[in-house]
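Report on the structure given below.
The values are calculated or read from the model by the stated rules, or taken from the named source; none is laboratory data. Please read all numbers here as calculations on a predicted model, not as lab measurements. All Cβ positions, glycine included, derive from the backbone under ideal geometry; neighbour counts span all protein chains shown. We work out accessible area using only protein heavy atoms, side chains counted, and drop any ligands, DNA or RNA first. Shrake-Rupley method; radii C 1.70, N 1.55, O 1.52, S 1.80 Å.
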Amino acid sequence: MGDIGQAFATAAGLVTGSDPKLWPIVALSLQVSGLATLAAALFAFPLAAWVALTPFRGRGVLIAALNAMMGLPSVVVGLVVYLMLSRAGPLGELGILFTPSAMVIAQCVLVLPLITALARQTMEDALREYDEYLRSLHAGKLQVVATLLHEARFSLLTALLAGFGRAAAEVGAVMIVGGNIDGVTRVMTTAISLETSKGELPLALALGFVLVSVVLAVNSAAYGVRAYSGRRYG
């Protein structure tokens, strides 16, 4: 029990101090997850708008598939991206396997269905609310999309935060495509796994404190955005 207490005390010291090993790992984690979320949003929002506004055969199947893929296992995503980026894969010539770029791609693929599904539902809800108004203006499709993006911006921001939260907390995909290389591709989740297996509990606990703080901050921000949106438009 005393050893565990000492580990917690040492972990707290690592978090409050400028530990040269802890904070580079945290910085890389935030960088990878942030870039992956933004990259996913560039694809997710146009796709969500197209699905929400365009009737086509198989639309229900696509929506069901997007909803199902919100729970994609991260290890499966990591395996697929690994195969694509390996030397024998179609993108092997890029030579980015076991680099932060590969980790960004894996997390982007992982959160893309989540952001798309949430954004699609948000835009459909907004369309039902503003449909008569847009019809009265004889708005074109681009004007409709621009209006919906503006009116649903707070809910869309919540979708982004949800995507970032999932990216920051996953371990399987980045472990497979990043290799958990010290000083190169080691992020919070993979470092926690490694340090725990080595019995180095202080660093694992310190990273755990930071990771939980990041997840709580993201969820608090999402709640704050929803509350602000409700007060403003309620």
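The test for being free of Cβ contacts under 8 Å to residues at least 40 places away in the same chain and surrounded by 15 or more Cβ atoms within 10 Å (Cβ to Cβ) holds for residue 89. For the stretch 92-108, the tally of residues that are touching a residue at least 24 places away in the same chain (Cβ under 8 Å), among the β-branched types (Val, Ile, Thr) and surrounded by fewer than 22 Cβ atoms within 10 Å (Cβ to Cβ) stands at 1.
Of all the criteria given as (1) within 21 Å of residue 10 (Cα to Cα); (2) touching a Pro at 6+ places or on another chain (Cβ under 7 Å), the one not satisfied by residue 185 is (1). Taken over the stretch 77-95, the criterion of being of a type in the set (A, V, I, L, M, F, W, C) and either on the phi > 0 side of the Ramachandran plot or modelled with pLDDT under 95 (or both) is satisfied by 88, 91, 94. Apart from one condition, residue 79 fits all of (1) in a helix (DSSP H, G or I); (2) open to solvent by less than 60 Å² (accessible area, probe 1.4 Å); the exception is (2).
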